[in-house]
Amino acid sequence: MKEHDQHQRSTAGFSRRQFLKGSGVAVAATAMATAAIEDVAVAESESHLVPAKANAITLNVNGKDYPLQLEPRVTLLHCLRDDLNLTGAKDVEDGSVAGADTVLLDGKAVHAGTIFAVECVGKKIRTVESLRNGAQVDEVIAGFVKHDGLQCGYCTPGFVMATRAALDKKPHATIDEIKHLLGGNICRCGTYRGILQCALEIAQKGDA
Ligand code: FES
């Protein structure tokens, strides 16, 4: 072999080995650097994670004041269900029974899962539990039973409260007004006919 060829081969071999070796080192170095950066990022983000502080608040629910210690992130729905054991308003996430978490806030129908409990300080909260007093039930509940306005019943507490709010707002509501006022509630069982009959009968009570 000529001296020139030998030199070329040995140079090419050296370069290839060196290149591969260098590449491996570079990959390892990049991975280590990335991991180090991620570690720093996690450490920095964790250093900013301050545990939420519970605040002392008082909520007026169904006419009674409740002193509570609540973190700002707690919704009215979870406060009612978890802290006050008022489980009438339902926790629904899939939207198929939207409005099952309906309660009244200063007389207005609201979805309790969309409101923070701390926002309700100083307001009057009313849940479906307030519509029953021993054996006595509100006319809306009686109407739901009479007109078969429920099947599985999951949406029912929310619909009852929405109906109560609608009739409080418009005691002589027309069927179109009732439909509009109940528009924020959905029943996956399709019991609308009975619900509307109930609301309309109450709205027309005394009319003649
Ligand atoms: S979702 Fe079943 S009765 Fe409305």
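What follows draws every value from the coordinates through simple rules; no lab data is involved. Nothing here was measured: the structure is a model prediction, and the numbers come from that model. All Cβ positions, even for glycine, are placed from backbone atoms using ideal geometry, and neighbour counts span all protein chains on display.
What the table shows:
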{"read-out": "Sorted by Cβ density within 10 Å, fewest first, the residues R81, R132, R164", "value": "R132, R81, R164"}
{"read-out": "Proximal lysines to K205, defined as alpha-carbon separation beneath 19 angstrom and excluding residues fewer than eight positions away on the same chain", "value": "K146, K169, K170, K179"}
{"read-out": "Net charge of Cβ neighbours under 10 Å - reference A166; Lys, Arg +1; Asp, Glu -1", "value": "+2"}
{"read-out": "Lys, Arg +1 and Asp, Glu -1 on Cβ, resulting dipole of region 55-207 about Cα centre, debye, nearest 20", "value": "220"}
{"read-out": "Global geometry of region 50-194, whether rounded, prolate or oblate, following the gyration tensor of its Cα atoms and the 1.5 cut on a/c", "value": "prolate"}
